[in-house]
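A.B. asks: Input: one structure, supplied below.
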Ligand SMILES: [Zn+2]
């Protein structure tokens, strides 16, 4: 078959987020999502990817998408990254949940691979949509901030490859506002559609 010349290549940017819907973040100050962030300088969290790498926030906090304001997911982040990107522990803790049996691109709610790490104050960090067999730690393991613990993916209810990262007061509790000590200033959380370099 002869290749046609002059055809237009339409580039589509796939932005990953949970729930498969586009979202926008309301202006800071709307409905209170700008409140409650701790001081970045003393943050106990680092970005959940390797130092020297930079990724874009596909969905921020308090959106009109799946991280909707006044819901348990309000303070979650969706960070766009290719399948297989190393995911690192954002804070020290104990591995309490490992789910890694679901296949890539299944596009089915409830069929996401994820890792939950519990911190010394009882709060947890959740790392979601990981790739199949993509978790490198076991339940009960002690992990330290910066340890490589998993590889990202696109499992479960996900519109494209990304890492959903959240911190909550406990497993199945509301998410908490967090910021990260190893990147540029973001007083009210990471901004949607901005990229952040892990330093
Ligand atoms: Zn999400």
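A.B. asks: Select from the stretch 87-103 the residues that are surrounded by fewer than 17 Cβ atoms within 10 Å (Cβ to Cβ) and either within 10 Å of the ligand (Cβ to nearest atom) or not in a strand (DSSP E or B) (or both) and list them in ascending order.
C.D. replies: Across the stretch 87-103, the qualifying residues are 92, 101, 103.
A.B. asks: So how many residues does the stretch 35-69 have that are within 16 Å of the ligand (Cβ to nearest atom) and part of a loop (DSSP other than H, G, I, E, B)?
C.D. replies: Total satisfying the criteria: 10.
A.B. asks: Among the residues of the stretch 147-166, which ones are more than 13 Å from the ligand (Cβ to nearest atom) and either buried (at least 21 other Cβ atoms within 10 Å of the Cβ) or assigned to a strand (DSSP E or B) (or both)?
C.D. replies: Filtering the stretch 147-166 down to residues more than 13 Å from the ligand (Cβ to nearest atom) leaves 147-151, 153.
Residues satisfying the conditions are 148, 149, 150, 151, 153.
A.B. asks: What single numbered condition from (1) within 16 Å of the ligand (Cβ to nearest atom); (2) part of a loop (DSSP other than H, G, I, E, B); (3) under 16 Å from the mean Cα position of the chain (by Cα); (4) at positive phi fails to hold for residue 84?
C.D. replies: In the conditions (1) within 16 Å of the ligand (Cβ to nearest atom); (2) part of a loop (DSSP other than H, G, I, E, B); (3) under 16 Å from the mean Cα position of the chain (by Cα); (4) at positive phi, residue 84 misses (1) alone.
Every read-out reported here was derived from the displayed coordinates using simple, explicitly stated rules and does not represent laboratory data. Predicted model only: the values in this text are computed from it and were never measured. Heads up, the Cβs are rebuilt from the backbone with ideal geometry, glycines too, and the neighbour counts pull from every protein chain shown.
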